[in-house]
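Please read the structure below before turning to the comments.
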Amino acid sequence: MTDRVEQGTAREPAAAWEPVFQGETLARLKALFEKYPTKRACLLPALWMVQEARGWIPEQAIGEVAEVLELTPAYVKGVVTFYTMYHTHPVGRHFIQVCTTSPCGLCGAEDTLRAILRETGCGELGTTSPDGRFTVVEVECLGACGFPTPILVDDADFIESVTPANAAGILARYP
Amino acid sequence: MGYPHPSHPKETVVLSQYFGDAGARSYEGWTRRGGYEGLRKALGMAPDAIVEEVKASGLRGRGGAGFPTGLKWSFMPKGDGKPHYLVCNADESEPGTFKDREIMRWTPHALIEGCAIGAFAIGAEVCYIYIRGEFTEPWNVMTAAVAEAYANGALGTNVFGSGKRIEVILHRGAGAYICGEETALMNSIEGRRGNPRIKPPFPAVAGLFALPTTINNVETLAAVPQIMVRGSAWYKGLCLGNPKSTGTKLISVCGHVQRPGNYEITMGTPMKELIYDMCGGMLPGRTLKAVIPGGSSVPIMTAEEAESCVTDYEGVVAAGSMLGSGGMIVMDDTTDMVYQIWRLAKFYAHESCAQCTQCREGTSWTTRILGRILEGQGTQEDLDLLLDLSHNMTGTTICVLSDSCATPIVSGIRKFRGEFEAYLSGARAPVLAGV
Ligand SMILES: Cc1cc2nc3c(=O)[nH]c(=O)nc-3n(C[C@H](O)[C@H](O)[C@H](O)COP(=O)(O)O)c2cc1C
Ligand code: FES
C-alpha cells in the first residue's frame with residue numbers, strides 16, 4: 001500500500017532478458033495450478049515469483065506471465081498496477097516501507113520517517129539514495145499499530161517499534 | 001493476554017492464551033495444549049449440528065460487521081452438488097487493528113483448525129486464507145503450520161481418518177486495503193484487480209469462482225475450535241448482561257495509552273476499565289480526548305462517550321459509534337483532531353479502488369479541503385462542503401470504503417467543531433505548508 005516509485009527506466013534491453021519462468025521456477029508455478037480451478041488465479045503468486053527473482057516486475061516478465069497463464073499482457077499490467085507492493089520500476093538494493101497512518105502518526109511516525117530519510121540519504125520519499133542502497137516510501141497501516149513505528153524492509157523483514165533513536169542501528173544491518 | 005504485556009486480571013484469556021509462547025506454534029506443541037480436539041469432535045458431528053452449535057454460541061463476525069457466524073454458515077446451499085469454498089480474511093489493514101496478526105504468529109494451528117471445522121460445516125473441501133502481502137512473519141509461520149497439519153493428517157484427503165477432504169491454501173495479497181472487503185478479496189484470489197463486486201449475488205450464492213462461498217475473519221474462525229470443545233453454552237455465558245454480544249473479543253489498543261497491545265475482554269466490559277486499568281491509562285500529565293473504538297472506519301467518540309461505554313456490539317452503538325474490528329485508537333489532549341481526520345481521509349483517498357464516482361472524487365476532495373483548512377486557507381463554507389460531500393459519499397457506493405471516509409469527518413466536525421473553527425479563524429496557526 002505504498003505510493004508508486006517513479007524512477008529508473010521501465011525497459012531493459014531485450015537482449016539481456018533471461019526468462020523467469022524456466023526450470024525450478026516454472027515447476028513451482030505449475031505446481032500452483034493444482035491449487036486453483038483457474039490459471040488466472042495464479043497471477044498474484046506468479047507476480048510475486050517475478051519480484052522475488054528480479055526485484056521488480058519488468059515489461060518482459062509481464063509478457064512471460066501472460067503467456068504461461070494464458071492472459072493478455074494488458075490484463076496482467078492492469079493487475080500489476082492495482083497492487084502497490086509490485087514495483088513497476090527498479091528500486092534500491094533495500095526497499096523500506098514506513099507506516100505513517102494515524103495510529104502510528106499519533107506516536108511519532110513522521111519523526112521516524114524523517115530520521116530514516118536522513119539516515120539513508122534518500123532525501124525525498126520514493127527516490128533511491130545516490131549510492132543505490134535504499135529506496136524509502138510511506139505505507140498505509142501495516143497492521144501493527146501497537147508497535148509504532150513498524151517498517152517493512154525488502155518485502156521480508158517486518159521490524160516493530162522503530163524510532164528516530166534506533167533507526168540508524170537498524171539501517172546498518174542492510175549494507 | 002495484553003500481548004506484548006502480561007495478562008491483566010480483568011482480561012478473559014481464551015484466544016490469546018498462548019500469545020508470546022513460541023512452543024504453541026508447532027503441531028506437537030499445539031496438540032499438547034489441547035489443540036485439534038475441536039476438529040476431531042467436529043468431524044464426528046453432522047455439518048448441520050456444527051452450524052447449530054455455532055449459532056447457539058452467539059458468535060458474531062470479528063472482521064467488522066458483527067454478522068452472526070452460524071447464520072452466515074446456514075445460508076450455504078445444501079445438496080447443490082457444486083464445490084463450496086471457505087475463505088478466511090487475513091487482510092487485516094484497518095488502521096488500529098492488529099489482532100489477526102498475533103493469532104497467526106502465535107497460534108497458527110488455532111486458525112487452521114477453525115478453517116477446517118468451518119469448511120466441513122459448510123460443505124467445502126477447500127479453504128483459502130488470504131494474508132496481506134506485508135504480513136511476512138505471519139505468512140512464514142502459517143506456511144510452516146499448514147505443512148505440519150498436512151503431515152499429521154489434520155488436513156488433506158482423509159482428515160484424521162474421517163474420509164473427509166479438507167485443504168487449506170494460503171494466498172498472499174500484494175498491498176491494497178480494499179482487498180479486505182470480502183468481494184474485492186475474492187476478485188484478488190481470482191487474479192483480478194481488487195474491485196468490490198455489486199451485491200447481490202451474495203457470496204453464499206455466487207462467491208469465489210462464482211461458487212457458493214463463506215468468508216470469515218481470522219478471529220471469528222479461531223474462536224470456533226474453542227466453541228466445539230467447551231460448548232456453545234460456555235461461550236454464550238461469556239458476556240456481561242447482553243446476550244446479543246457473547247464471547248471474548250480481542251481489542252487492539254493503540255495510540256496514547258501507557259501499554260498499547262491486544263487485550264482480550266469478555267463482551268460487555270466497560271471501556272473505562274480497558275483504557276485505564278488494562279492499558280494503564282494516559283501518559284503522565286495527559287487526559288483522554290477521543291477514542292475511535294473499532295478501526296478507523298467508525299465514528300469518533302468523545303472522552304465522555306468512551307468513559308461511559310460498554311464494550312460490546314450494542315453498547316458501542318448506544319455510545320455513538322461501532323465496535324467494528326475492535327481496533328481501538330486512543331487520543332489524548334495533545335491531539336490535533338483536524339490533522340488526524342485529514343490523515344484518515346488521506347488514507348481512504350489512497351486506498352479507494354476508484355470504481356465508484358462518489359468514493360473516487362469524495363475521498364480525494366475531502367482530503368484536499370481538510371488539507372487547505374490545515375494550511376490556514378479554509379473558509380467557513382468548507383465545513384458545510386465537507387458535510388455535504390460526506391452525505392453524498394454515504395450509502396451510495398458498491399462497498400462502504402466511501403462511507404468509512406465520511407464517518408470520521410462527520411463525527412469529527414460534529415464533536416470537535418471548535419478545533420476546525422480555530423483553523424478557520426486563524427486562532428490556530430497552520431500546520432501544513434501551502435502549495
Ligand atoms: C473497505 C473494507 C475493508 C475491510 N477489511 C477487512 C479486513 O481487513 N479483515 C476482515 O476480516 N474484514 C474486513 N472487512 C469486512 C469483510 O468485508 C467481511 O465483512 C468480513 O471478512 C466477514 O467476516 P466475519 O463475518 O467473520 O467478520 C472489510 C470491509 C470493508 C468494506
Ligand atoms: S497505523 Fe501504523 S501499523 Fe497501523
hull vol. (C-alpha, convex hull) per residue for the range B:143-208, Å³ -> 103 Å³
Computed Rg/Rh for the range B:255-347 (Cα atoms; Rh = Kirkwood radius) stands at 0.94
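Calculate the mean, over all residues of peptide B:125-137, of how many other protein chain Cβ atoms lie within 10 angstrom of the residue's Cβ. All intermediate terms of the calculation are to be shown ahead of the outcome.
Details: counts 0, 3, 0, 3, 0, 1, 0, 5, 9, 16, 5, 7, 4.
Mean shielding by partner chains, rounded to a whole number: 4.
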To the nearest 20 debye, the range B:352-435 has a Cα-centred charge dipole, built from +1 on Lys and Arg Cβ and -1 on Asp and Glu Cβ, of 180 debye
Helix A:23-33: inclination vs chain A longest Cα principal axis, degrees, rounded to 10, gives 90 degrees
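Two decimals, Cα atoms only, Kirkwood Rh: what is Rg/Rh over the range A:26-175? Don't skip to the answer; put the middle values down first.
Working: Rg = 17.4 Å, Rh = 16.7 Å.
When Rh is taken as the Kirkwood radius, the ratio is 1.04.
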Treating only Lys and Arg (+1) and Asp and Glu (-1) as charged, each at its beta carbon, one finds that the range B:308-414 has a dipole about its Cα centre, in Debye to the nearest 20, of 280 debye
Rounded to the nearest whole number, the Stokes-Einstein translational diffusion coefficient of the range B:152-251 at 4 °C and 1.567 mPa s (Kirkwood radius, C-alpha pairs) in µm²/s is 79 µm²/s
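When a/c is below 1.5 the answer is rounded, else prolate if a/b is larger than b/c, else oblate, so apply that to the range B:313-435 with a ≥ b ≥ c taken from the square roots of the Cα gyration tensor eigenvalues.
Oblate.
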Those residues in the range B:159-173 that give up at least 40 Å² of accessible surface, probe 1.4 Å, once the partner protein chains are present instead of the chain by itself are B:I169, B:H171, B:R172
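Quick check: at a probe of 1.4 Å, how many percent of the accessible area of chain B sits on carbon and sulfur atoms?
Working: 8180 of 14660 Å².
Using a 1.4 Å probe with all protein chains present, chain B comes out at 56 percent carbon and sulfur.
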Computed over chain B: longest principal axis from alpha-carbon atoms vs helix B:218-230 long axis, angle to nearest 10 degrees, is 40 degrees
Rounded to the nearest 10 degrees, the helix A:59-69 long axis (Cα) sits at an angle to the longest Cα principal axis of chain A of 50 degrees
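Mean projection of the alpha-carbon convex hull of the protein assembly as shown over all orientations, in nm²?
Working: hull surface 107.0 nm².
In nm², the orientation-averaged hull projection of the protein assembly as shown is 26.8.
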If unit charges are put on Cβ atoms (+1 for Lys and Arg, -1 for Asp and Glu) and the dipole of chain B is taken about its Cα centre, the option from B:A124, B:Y276, B:C309 lying farthest towards the positive end turns out to be B:A124
Accessible-area order for B:D333, B:D312, largest to smallest, probe 1.4 angstrom, reads B:D333, B:D312
Taking only C-alpha positions in chain B, Rg and Dmax in angstrom work out to 22.0, 73
Of all C-alpha pairs within the range B:1-99, those more than 15 angstrom apart amount in percent to 76 percent
Share (percent) of C-alpha pair distances in the range A:123-175 greater than 11 Å works out to 74 percent
Partner shielding of B:93-99, as the mean number of partner chain Cβ atoms within 10 Å, equals 6
hull vol. (C-alpha, convex hull) per residue for the range B:51-172, Å³ -> 111 Å³
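The values are calculated or read from the model by the stated rules, or taken from the named source; none is laboratory data. Just so we're clear, the structure is a prediction, and the values are computed from it rather than from any experiment. Every residue, glycine as well, gets a Cβ built from its backbone with ideal geometry; the counts of neighbours run over all protein chains shown. All accessible areas refer to the heavy atoms of the entire protein, side chains included, with ligands and DNA or RNA removed. Shrake-Rupley method; radii C 1.70, N 1.55, O 1.52, S 1.80 Å.
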